[in-house]
Amino acid sequence: MFRLLLQKAVDMIWENVEWKQEIVEDSYIIRFSGKDYKKKLESTIKCLEIQGKKFVVYEDAKRKSCVIRVFYVATRLVPDFPRDRDFKRALRNELLQFWRNRTAYASHYVDSAIRTAYWILQSWKENYLDGRFKKRKPKIKKLFARIKNSLFSWNGKILRLTVIPRERYLVFDLSNTWFIERTEGWKLGEIILKENELILMFSKEKEEIPSRGIIAWDSNKYSLDGFGDIGYVKIDIKQLYTIHITYHNIRRKLQQLLRKTPKTARKLLKKYNERERNRVKDFINKITTQISKKFGEYVHCFEKLQKQGMFDWSKKHNRDISVINWRTIKQKLEYKVIKMREINPKYSTKTCSRCGSRNTTIKNGEVICRDCGLRIDRQLNASINLFLRAKKLKPNPKVWKKIVFPKLRMCPVGVGVNGVKPNEIPPMNPEGDEGNETQVPEQSFAIKINYN
Ligand SMILES: [Zn+2]
């Protein structure tokens, strides 16, 4: 019976799915190494050029190896399940009627069926988006129900499931089972009832999941710059700024209208404010989803937000906007990545990430160190400094050579709302002044970007 109910719930949601066309940007990597890697590289490049693909080549002549990151764009249909209140109410009412006409079981099972149906469809969607499932409605073959804690009571020994309220119960005495000692003090969160087994989900505090490394982020007006165990990542957030500017201008015009037709103007102001908020929210949602998809298993380190007062009033408005955006991005990410940490950002822009000197000048977006001669993009410099702080390391040439330099040679990635895209390492002289004499081997840093 429950299976019928569940299938009906799935059917009803399925009938109301909105299929949206979505453009996906992604990339894959091809690696070559060995003696004849150059030959292989050349023929692959030719192939890619014929196909008109966008790609970036990273060549390491010393190690006779290279990596090509190929970018592609695809369109697909993405299901959007109806989740609004009206739909859910209608769904629940119809299922309740169906359930009551046939059984005397608790109506809570209807809620359980709805939750289970969404859960099934969501996991179907993930499989579908990964290409494992076809665009076909999922069929319920095995019986299972997720049971909320309002339908059972648990005292650490005896589990009582409600079948018909105040009438029929299923009682399980679990006091002699093997897990009873091990789960002492744990919370019984949810029960999954299967045809011939019962799955109890106990939970304790969040377990520590091993991370794949650290990424430290420097926030800027137009971009988030990350540096860490993944290399250099740049996230384009220019669009956030464009949204704010657009609505700022609209508001200015409406302010003039406010004298003539205050009622309409106020109405419009409200409408545009809401629209701005929604567009910002939507953008931040998309961008944080992409970050979690690509880097969810990394520990993300952020600069601790500073109190205001450092900026004069004309700059304050701009600063406020980016601080608010930044805070929202952090909040959203908190749910989507395994761990976040805060780092003190003091002097992270001004300090030379190679020798640690603060004797620097910042000119045209570049930090130039007067002590060791390093010239480096200011955002990249700041994110390297934050990364070193997260690792509890002080910047010095040895650390730079051993830890920073190899990461600069990894494939840099850019992230947009639809996926990853090519990114370049800004020009620099990684060896500082010493490099002027020895000359950095050009190829090991060569980055070729093909924008066909
Ligand atoms: Zn320096």
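The values are calculated or read from the model by the stated rules, or taken from the named source; none is laboratory data. Keep in mind it's a predicted model, so treat the numbers as computed, not measured. Using ideal geometry, Cβ is built from the backbone for each residue, glycine included, and neighbour counts are taken over all protein chains shown.
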Test: residue in the stretch 89-99 that is touching a residue at least 24 places away in the same chain (Cβ under 8 Å) and either closer than 19 Å to residue 198 by Cβ or within 31 Å of the chain's Cα centre (by Cα) (or both): no
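Quick grid of which residues meet (1) β-branched (Val, Ile, Thr); (2) within 13 Å of the ligand (Cβ to nearest atom); (3) closer than 30 Å to residue 22 by Cβ:
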residue	(1), (2), (3)
325	no, no, yes
365	no, no, no
384	yes, yes, no
408	no, no, no
All positions within the stretch 349-363 that are basic (Lys, Arg) and either part of a loop (DSSP other than H, G, I, E, B) or near the ligand (Cβ under 9 Å from one of its atoms) (or both): 350, 354, 358
Filtered residues of the stretch 100-139 (kept if over 29 Å from residue 293 (Cβ atoms), at pLDDT below 80 and among the aliphatic types (A, V, I, L, M)): 104, 106
Where a residue in the stretch 351-368 is without any contact (Cβ under 8 Å) to a residue 40 or more places away in the chain and its partner, wherever it lies, is near the ligand (Cβ under 9 Å from one of its atoms) and of a type in the set (S, T, N, Q), with Cβ under 7 Å and at least six apart: 358/351; 367/360; 368/360
Complete set of residues in the stretch 281-298 that are of a type outside the set (D, E, K, R) and assigned to a helix (DSSP H, G or I): 283, 284, 285, 287, 288, 289, 290, 291, 292, 295
Those residues of the stretch 222-262 which are in a loop (DSSP other than H, G, I, E, B) and exposed (fewer than 14 other Cβ atoms within 10 Å of the Cβ), in sequence order: 261
So residue 41, is it under 15 Å from residue 117 (Cα atoms) and either surrounded by 12 or more Cβ atoms within 10 Å (Cβ to Cβ) or of a type in the set (S, T, N, Q) (or both): no
All positions within the stretch 145-173 that are surrounded by fewer than 16 Cβ atoms within 10 Å (Cβ to Cβ) and not in a strand (DSSP E or B): 148, 149, 150, 155, 156, 157, 165, 166, 167
Among the candidates 403, 384, residue that is under 28 Å from the mean Cα position of the chain (by Cα), surrounded by fewer than 21 Cβ atoms within 10 Å (Cβ to Cβ) and in a helix (DSSP H, G or I): 403
Qualifying residue in the stretch 367-382 (condition: in contact with a helix residue (DSSP H, G or I) (Cβ under 6 Å, 6 or more places away or on another chain) and within 14 Å of the ligand (Cβ to nearest atom)): yes
Residue in the stretch 389-399 that is at pLDDT below 90 and touching a Cys at 6+ places or on another chain (Cβ under 6 Å) present: no
Yes/no for residue 301 being at pLDDT 90 or above, more than 16 Å from the ligand (Cβ to nearest atom) and either under 21 Å from residue 385 (Cα atoms) or part of a helix (DSSP H, G or I) (or both): yes
Test: residue in the stretch 66-88 that is surrounded by fewer than 18 Cβ atoms within 10 Å (Cβ to Cβ), farther than 30 Å from residue 23 by Cβ and among the small types (Gly, Ala, Ser): no
Criterion: away from the ligand (no atom under 12 Å from the Cβ) and either part of a loop (DSSP other than H, G, I, E, B) or buried (at least 20 other Cβ atoms within 10 Å of the Cβ) (or both) - qualifying residue of 345, 395: 345
Residue 363 vs. criteria on the phi < 0 side of the Ramachandran plot, touching a Leu at 6+ places or on another chain (Cβ under 8 Å) and charged (D, E, K, R): no
